Amino acid sequence: MKNITSNMKKLLYLWKRSQVPIKQPTKVSKIDNLIIFLICILISIISSYKFLLISPLNLSSIFSWLLTFAETLISSWILILVSKKENPTINSRQIILIISLLLVVQAAKLSLASTISPLSMIIPPALIISQGMGSITALAWVSIASLSWPDPSIAVNSNLFFISLVCASVVAVLGGRIRSRAQLLQLSIFVPIGALLSQWILIANDKISLIDKQEIVFGNGKIFSDSLLLAIVMLFTILCIPIFESIFGLLTKARLLELADKEKPLIRRLSLEAPGTFEHTLLICGLAEEATRMINGDVDLIKTGALYHDVGKLHAPNWFIENQDGSKNPHDEIDDPFRSAEVLQAHVDEGLKFARKNRLPKPIANFIPEHQGTLKMGYFFQKAKEKNLKISENDFRYKGPIPQSKETAILMLADGCEAALRAMNINATDNEAIQTISKIIYSRQKDGQLDNSDLSLGEIYLIKRAFLNVWKRIRHRRIQYPTTKNNTFS
């Protein structure tokens, strides 16, 4: 019986491994871990030290302090775990940002609780975190920031606390989905209005005035001044988000859409100097977008990453066949497979230089090396073998790394399938197309290129269907119109 149970467990483990590869989180250095730990200790001290000021100090007070200290420390640790779970590639700077915002808010609660409403303290950081790290991390942050209140001597109106929690949760959810700066501005208007109406309905009474001319901005308990201050702080936060993007490497959806603008200098230059590569890029975008949408991946990320994945070809556009006019091929002139392989690798190395020069975010720059992974340059490898040269297969492989995310893996597959699908006969059947797609994807799987991508077998099947759907859309006949003198037919 034990053997049967053991075998079943092994089979279950192998099945899980075959479906979803284990994703390794980004390693954090010891110094960064120490900084994060010290910030968590500071948060715990700020949240609990008031218990030690109670006079006379007794065992009950010490126990209350220890309990609150441990509770806050564990909460901070849980917040870090949630952020890593939602974003396995999150770096130490972003973790420090999340924890630092919690530290700032806890300190603000302690020093400004009698002056500023909880609305203005909790909601703006939730907007920053949801934009840069996602809604789940933002909701976890809101929960911890709302439930851990450092100064028990200052009572917070229960209705106001509830309104703050609801508004912050709404911002956390919507902030992770907002795709433009204009929508952020709308959020900074509608959330304060919602908070104003909610306060008016739930807590307005004779003691709390709607408008207090003496304390029009700073006036805790004055529902109009609370909402006005919230709107001002949210607007200021929106202005500061680009600074956070730059310093902490945040990649918001609004930033992605800005980078995807085809009038950006680097993309515009690609379209002018390497038009064949640019056309190839647009076709890959169509395949990759559809596949990513099918598996519920980050469509905005792959759309932008696909536009920049081949910018390295700008260093020598005419060395790549899609930019040649058919008259001559530089590779034939040099007739040296090793130098040709160096040129191919250079389009990755130069692409990373372009990315640094143009300050592309790291998640976008990752598409440049990862879309090639460690693939073999088969054509030039075969040429070298024909010349009977002493070669190693590694001399004709890209340096990598292999794709580390679903999006970069999909781009690799789209890059491989695009040329093959475009070259197919217009009369080819769907079955022939799916066989071509499956053959290319299987070769990548067999070569180990998808091992770290986190793609499951089910998702790979959906990607194949997505590629087929795009191919069916772009493959169509054109009607041969009769010609006339004026050529007025369209």
Check whether at least one residue in the range 237-260 is basic (Lys, Arg), farther than 29 Å from Ser135 by Cβ and modelled with pLDDT under 90, and report yes or no.
no
Might you let me know whether the range 297-320 holds any residue that is under 30 Å from Arg177 (Cβ atoms), among the hydrophobic types (A, V, I, L, M, F, W, C) and without any contact (Cβ under 8 Å) to a residue 40 or more places away in the chain?
yes
Pull up the range 257-274, narrow it to residues that are part of a loop (DSSP other than H, G, I, E, B) and more than 21 Å from the chain's Cα centre (by Cα), then point me to the one that is farthest from Ile368 (Cα to Cα).
Glu263
Determine if the range 317-339 includes at least one residue that is under 31 Å from the mean Cα position of the chain (by Cα) and closer than 26 Å to Asn452 by Cβ.
no
Can you tell me which residue in the range 75-91 is farthest from Glu245 (Cα to Cα), limited to those that are more than 15 Å from the chain's Cα centre (by Cα) and in contact (Cβ under 8 Å) with a residue 12 or more places away in the chain?
Ser75
Leading residue by the ranking (surrounded by the fewest Cβ atoms within 10 Å (Cβ to Cβ)) among those in the range 420-451 that are of a type outside the set (D, E, K, R), under 22 Å from Ile302 (Cα atoms) and modelled with pLDDT under 90
Ala420
Considering each of Leu12, Leu53, Leu57 in turn, give the residue that is outside the structural domain of Leu147 (by TED's automatic domain parsing), of a type in the set (A, V, I, L, M) and modelled with pLDDT under 80.
Leu12
Quick check on my filter: what residues within the range 429-457 are of a type outside the set (D, E, K, R) and touching a residue at least 40 places away in the same chain (Cβ under 8 Å)?
Gly448, Gln449, Leu450, Asn452, Ser453, Leu455, Ser456, Leu457
How many residues does the range 350-365 hold that are buried (at least 16 other Cβ atoms within 10 Å of the Cβ) and in a helix (DSSP H, G or I)?
8
Looking at the structure I just gave you, is Leu230 farther than 28 Å from Ala384 by Cβ, touching a Leu at 6+ places or on another chain (Cβ under 6 Å), assigned by TED's automatic domain parsing to the domain that holds Leu187 and surrounded by 14 or more Cβ atoms within 10 Å (Cβ to Cβ)?
yes
Collect the residues in the range 109-150 that are more than 19 Å from Phe244 (Cβ to Cβ), in a helix (DSSP H, G or I) and not aliphatic (A, V, I, L, M), keeping them in residue-number order.
Lys109, Ser111, Pro118, Ser143, Ser146
When (1) part of a helix (DSSP H, G or I); (2) surrounded by fewer than 19 Cβ atoms within 10 Å (Cβ to Cβ) are applied to Ile368, the one that fails is (2)
Go through the range 322-342 and give me each residue that's among the aliphatic types (A, V, I, L, M) and either touching a residue at least 12 places away in the same chain (Cβ under 8 Å) or crowded, with 16+ Cβ neighbours inside 10 Å (or both).
Ala341
Hey, can you tell me all the residues within the range 109-135 that are more than 26 Å from the chain's Cα centre (by Cα), more than 12 Å from Asp226 (Cβ to Cβ) and not hydroxyl-bearing (Ser, Thr, Tyr)?
Lys109, Leu110, Leu112, Ala113
Just give me the residues in the range 452-463 being small (Gly, Ala, Ser) and either within 11 Å of Leu413 (Cβ to Cβ) or surrounded by 18 or more Cβ atoms within 10 Å (Cβ to Cβ) (or both), in sequence order.
Ser453
Could you check the range 39-48 and list, in sequence order, the residues that are touching a Phe, Trp or Tyr at 6+ places or on another chain (Cβ under 9 Å) and either in contact (Cβ under 8 Å) with a residue 40 or more places away in the chain or exposed (fewer than 13 other Cβ atoms within 10 Å of the Cβ) (or both)?
Cys40, Ser47, Ser48
Among Lys303, Lys328, which is more than 17 Å from Ala420 (Cβ to Cβ), of a type in the set (Lys, Arg) and outside any helix (DSSP H, G or I)?
Lys328
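The values are calculated or read from the model by the stated rules, or taken from the named source; none is laboratory data. On a predicted model such as this, the values are computed, not experimentally measured, just so you know. When we count neighbours, we look across all protein chains shown, and the Cβ atoms used for this are built from the backbone with ideal geometry, even at glycine.
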